[in-house]
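Reviewing the structure listed below.
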């Protein structure tokens, strides 16, 4: 792939959901992007999302990602493809990008699909393309923050990733709500989580590993967190030399944990169709339809990465965290906004030829200068009326005598 002068600035976004339409809106404000094709199997959804962006650059299209030939043909007409579809489709997109010879990136494929994508590395490398996997906020920024801290150490032992969302105002009464795809919530409570402990990957029950975590300023809150199936556990042990422990926990209200366990117990999360009044329907489809009404637009999110290791013979704990704030002008919560923003920045970098590594690579490999990436991301947020902040703290433990 060439330098910036050889790029036309055409981008294909796959998926017109919340992340896809926010990404399209951010990219529409980038003068280096000339055209954005927002594709979805639901053409009406793509049209509505395109209209929401308020930009003539954004063109809605029908596209079935499962149709490999159509997907490859669509990719051949653009410079970069960004996949914002459901994670089980990431391998389809990755393979099509290789066949089309186009650079791309996606939000992640949970555990199993991320492993399958890594197997495509040599094919992508031979095709001369860059395909960045797992690039959003978590995974994505979390990977890059882990690299940022690890690069400042002589030895890394442990990486802990903790994540939470807070509402703008305190609400005492629990309300069932979702800040990102309800389908992902269901998977995180029904699929075993995977952790990396003592140099080995192991499965643990979903919703286990309860831990009270302090989320620092500007939140200054303690929240209950639980193991969650996430992609960082796949790549960080492979890219951060010597690390022995990596795990991810997400803050959930105890009531939500109990509710999701109940839904699973009674079979509402099952994809196996059952007959109801003469109609066969998958229980999970009904549940997801109901959950659509409970998606919360407000809220600020924080990803906290804790890296333990050694520097100059002393024990060091390096914490790095990012806060994505509720985007009032666009009425979207901090989580989807600061998930889409890193993708937009990476698209710009691919167009400019600033990500040079070839193959299928995770964010911590693709982004060689984390601090610069953070700085540009903060500036991008400011240009698009959003707000993203990064923080760090370093604690050194040493003997006095």
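Values quoted throughout were computed directly from the atomic coordinates according to the rules given, and no laboratory measurement underlies them. The structure displayed is predicted, hence computed values, not measured ones. All Cβ positions, even for glycine, are placed from backbone atoms using ideal geometry, and neighbour counts span all protein chains on display.
A few points about this structure:
- Prolate/oblate/rounded call for segment 141-324, Cα gyration tensor, a/c under 1.5 rounded: prolate
- Here the gap between residue 398 and residue 86, fully extended at 0.36 nm per residue and compared with their Cα-Cα distance, gives a gain of 107.7 nm.
- Whether segment 273-333 is rounded, prolate or oblate, judged on the alpha carbon gyration tensor where a/c under 1.5 counts as rounded: oblate
- Taking the chain as a Gaussian network of alpha-carbon nodes connected by springs under 10 Å, the highest mean-square fluctuation of the residues 166, 210, 280 belongs to 280.
- Computed lengthening from residue 352 to residue 259, 0.36 nm per intervening residue step minus Cα-Cα distance: 28.8 nm
- Computed over segment 254-324, relative contact order equals 19 percent, with contacts defined as Cα pairs under 8 Å that lie 6+ residues apart.
- Taking a ≥ b ≥ c as the square roots of the eigenvalues of the Cα gyration tensor, an a/c ratio of 1.5 or more together with a/b larger than b/c marks segment 269-401 as prolate.
- Placing dummy labels 7 Å off each Cα toward the beta-carbon, the span from residue 204 to residue 51 is 4.7 nm.
- All Cα pairs of segment 10-98, percent lying beyond 14 Å: 57
- Taking all Cα pairs closer than 8 Å and separated by 6 or more residues, the relative contact order of segment 141-324 comes to 34 percent.
- Full extension of the chain segment joining residue 77 with residue 287 gains 71.8 nm, where the gain is 0.36 nm per residue of separation less the Cα-Cα distance.
- Share, in percent, of DSSP beta bridges within the chain that are antiparallel, nearest 5: 60
- Ordered from longest to shortest, the equivalent ellipsoid semi-axes for segment 55-123 are 21, 14, 11 Å, each the square root of 5 times a Cα gyration tensor eigenvalue.
- Based on C-alpha pairs under 8 angstrom that are at least 6 apart in sequence, the chain has a relative contact order of 20 percent.
- Measuring r between the beta carbons of residue 99 and residue 64 and using R0 = 25 Å, the FRET efficiency lands at 0.95.
- Projected label points at residue 184 and residue 238, each 7 Å from Cα along the beta carbon direction, are separated by 2.0 nanometres.
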